[in-house]
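The values are calculated or read from the model by the stated rules, or taken from the named source; none is laboratory data. Bear in mind that the values here come from a model prediction, so they are computed numbers and not experimental data. Counting neighbours? That spans all protein chains shown, and the Cβs are built from the backbone with ideal geometry, glycine included.
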Amino acid sequence: MRDLPTLSRRGFLAGTAALGATTLLSSCGYTEENPTGAGGPTWTFTDDRGRKLDGPRPARIVAQVTAAAALWDFGIRPIAVFGPSKLPDGKPDPQVGGVDLNAVTSLGNVWNEFNFDKFASLDPQLLVTVIYLKQQMWYVPDTQADRVDKTAPSVGIGLQGISMPEGIAKFAALARALGADTDSPAIRQARQEFERADAALGEAIKKAAGLRVLLLSAQKDTCYVANPTAFATSRHYQNKGVRFVLPEKPDTADGGYYEQVSWENIGKYEADVILYDARGGSLSLGPDGLGNVPTWRQLPAVRAGRLVPWNNETPLSYQRFTPELTALTSALHRFA
C-alpha cells in the first residue's frame, strides 16, 4: 500500500494509532505439551500467502495484536505482541481483546515500530499477522520484513474481502493447528452466544431495512468513506441485509478500502445512520464530536443522532464480536 500524502495506512486502515495462568489456559481448551522436544507434537498449516509450514509445533509465538487477541480467545497464548496495545492514557487498546498485557512482551505500539532486537532475543518459533494487501505483514515495517522473515517462520491471515464468520473460522483453524481445542465447552458456549446475537441482529436489520448506512472514519482535515465489502465486519452486515451507502471512487491503488473525501464534500453521502471509526487514533464522531464542522452537522444521520461506533479491527473471535453484534442490534431497534 502506498504512503499517500495523507498517510492513508495510518489514516484509515491503521486508524491513526501510529500517531499518537494454567486454569485460564485449560478453560479455553489449551493443552500444554512439549513443543520442540524429540517425539513432541508436530503441525502443518498453509497460510493465505500459500506458504506451507510443518514440523515441530511452535509454542513461542509472536503476533500482531488483533491476531494475538483472536488466538488468545481460542486458547493460544502468544509470548509477544506488536501493534496498538495501549492507548495514550495507558489503558488497553480495544484491539487487544482479552490479551493479558502483563503476560506478553510488546515489540511496538505504533505504526512502523517493531523492536527487531527484542523480537530476535525471544527465540520466536512463529510470527502471526494479518494481511490487508498482497503479502504485506501488517505492522511489520517494510524495512524489517526480510530480517523478520529470516528469524522465524510466519503465518499471514488474509482479511481483505472476507466476511466476519470466515475470518473467525480462519483463526479457529490456525489455533486448532497450533494445538488448541476449538470445540471446548468454553468456546462452544462463546459460539452459541455469538450465533444468538447474530440471529437477533438479522431481525433488527429486517426491521430497519429502509435505513441507509454510511461507514466513516474521521481525521482533522479529511475523512474516509469506507467500502463495506472490503472489511470483514461490514461485509457480514451487508450480507445480512444492511443497506450501505457505497463510496463512488474507492482508491483501488490502495486496495479499494475507502474513498478519501474532504469535509466540504461529505454532504454528497447522505445516510440515515453512520457507523463511525471509534479506534483510538480517529477523531470522535460521537454526539458532541465535530460540532464546529457545518457539513458534519448537516448530515441527516447527525441531525437525527443516529451514530454508532465501529471498530474495523475487532479481533476475529466469537467473544469479541458478540458485543459488537448486540450493540448494533440495539441501535437499529432504536432507529427503525
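Scan the stretch 65-87 residue by residue and report those that are surrounded by fewer than 24 Cβ atoms within 10 Å (Cβ to Cβ), part of a strand (DSSP E or B) and within 17 Å of the chain's Cα centre (by Cα).
Residue satisfying the conditions is 86 alone.
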- request: Just give me the residues in the stretch 159-173 being surrounded by fewer than 22 Cβ atoms within 10 Å (Cβ to Cβ), hydrophobic (A, V, I, L, M, F, W, C) and in a helix (DSSP H, G or I), in sequence order.
  value: 169, 173
- prompt: Quick one: what pairs do we get from the stretch 308-333, first residue under 18 Å from residue 130 (Cβ atoms), second part of a loop (DSSP other than H, G, I, E, B) and charged (D, E, K, R), C-beta under 7 Å, 6+ apart or different chains?
  reply: 311/279; 313/279
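Given the structure, is residue 120 of a type outside the set (Val, Ile, Thr), farther than 20 Å from residue 322 by Cα and in the same structural domain as residue 328 (by TED's automatic domain parsing)?
Values: of a type outside the set (Val, Ile, Thr): yes; farther than 20 Å from residue 322 by Cα: yes; in the same structural domain as residue 328 (by TED's automatic domain parsing): no.
When the stated conditions are applied, residue 120 does not pass them.
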message: If I filter the stretch 107-131 down to residues being within 22 Å of the chain's Cα centre (by Cα) and not in a loop (DSSP other than H, G, I, E, B), which single residue comes out as surrounded by the most Cβ atoms within 10 Å (Cβ to Cβ)?
response: 130
message: Given the options 188, 196, 212, 235, name the one that is in contact with a Pro (Cβ under 9 Å, 6 or more places away or on another chain), modelled with pLDDT of 95 or more and surrounded by fewer than 18 Cβ atoms within 10 Å (Cβ to Cβ).
response: 212
- request: Scan the stretch 136-172 for residues that are closer than 30 Å to residue 252 by Cβ, of a type in the set (A, V, I, L, M) and in contact with a strand residue (DSSP E or B) (Cβ under 9 Å, 6 or more places away or on another chain) and jot them down.
  value: 137, 140, 148, 155, 157, 159
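Which one is farthest from residue 170 (Cα to Cα) among residues in the stretch 279-323 that are basic (Lys, Arg) and at pLDDT 85 or above? Write out each step before concluding.
Quick first cut of the stretch 279-323, residues basic (Lys, Arg) only: 279, 297, 303, 306, 320.
Then drop every residue that is not at pLDDT 85 or above, which leaves 303, 306, 320.
Values: 303: 40, 306: 33, 320: 15 Å.
By that ranking, first place goes to 303.
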message: Go through the stretch 174-185 and report how many residues are surrounded by 20 or more Cβ atoms within 10 Å (Cβ to Cβ) and part of a helix (DSSP H, G or I).
response: 2
- prompt: Out of all the residues in the stretch 14-24, is one or more outside the structural domain of residue 310 (by TED's automatic domain parsing), surrounded by 20 or more Cβ atoms within 10 Å (Cβ to Cβ), modelled with pLDDT of 50 or more and not polar (S, T, N, Q)?
  reply: yes
- prompt: For the subset of the stretch 239-249 comprising residues that are surrounded by 20 or more Cβ atoms within 10 Å (Cβ to Cβ) and not β-branched (Val, Ile, Thr), which member is nearest to residue 318 (Cα to Cα)?
  reply: 244
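Considering each of 38, 63 in turn, give the residue that is aliphatic (A, V, I, L, M) and modelled with pLDDT under 95.
From the options 38, 63, the qualifying one is 38.
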